[in-house]
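Below is one structure, written out as structure tokens; the observations come after it.
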């Protein structure tokens, strides 16, 4: 098991839990976002590294694409820049989102390197990559439906 992948997945899970604390309106959305990383941790724990590494690449990638499409990544990056330039954090939601973005990029890189080094070339590696990607896509479809349900105005 790659300990760095395990550590970054744990960080992602914890950051989504923290984000759900600060952004209570979207609690169920952030809770759903954290569940995929619990699955990743369980896969690593039980020695199913091939699936875990693919999920470690694809799940953060799907999240990054969704935040780019929704425009939520720019305030997160801006909050990180404010902290680096010693101006302080104004909005904890944006700050935690920025931290999640950095952790997601790290998880993608480490998982991709681990997959390439340990799994790629084995029999069934491509099939595992495709199936895990499809499953994560379906999972994020559920997340998007939940987001649209939460954002729907009530009459």
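The values are calculated or read from the model by the stated rules, or taken from the named source; none is laboratory data. What you see is a predicted model, and the numbers here were worked out from it, not measured in a lab. Glycine also receives a Cβ, built like all others from the backbone with ideal geometry; neighbour counts cover every protein chain displayed.
Brief remarks on what is shown
A quick yes/no check of all residues on (1) out of contact with any strand residue (DSSP E or B) (no Cβ under 7 Å at 6 or more places or on another chain); (2) under 10 Å from residue 57 (Cα atoms); (3) surrounded by fewer than 11 Cβ atoms within 10 Å (Cβ to Cβ):
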site	(1), (2), (3)
102	yes, no, no
107	yes, yes, no
112	yes, yes, no
116	yes, no, no
143	yes, no, no
149	yes, no, yes
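- The helices (runs of 4 or more DSSP H) falling completely within segment 27-84 that include 3 or more residues that are within 16 Å of residue 104 (Cβ to Cβ) and in contact (Cβ under 8 Å) with a residue 60 or more places away in the chain map to 27-45, 49-70.
- Taken over segment 55-99, the criterion of being closer than 22 Å to residue 135 by Cα and either buried (at least 16 other Cβ atoms within 10 Å of the Cβ) or touching a helix residue (DSSP H, G or I) at 6+ places or on another chain (Cβ under 7 Å) (or both) is satisfied by 55, 56, 57, 58, 59, 60, 61, 62, 63, 64, 66, 67.
- Subset of segment 31-54 (residues that are closer than 17 Å to residue 140 by Cα, surrounded by fewer than 21 Cβ atoms within 10 Å (Cβ to Cβ) and at pLDDT below 90): 31, 32, 34, 35
- Residue match in segment 129-140 (condition: exposed (fewer than 11 other Cβ atoms within 10 Å of the Cβ) and in a loop (DSSP other than H, G, I, E, B)): no
- Number of positions in segment 91-113 that are assigned to a helix (DSSP H, G or I) and modelled with pLDDT under 90: 8
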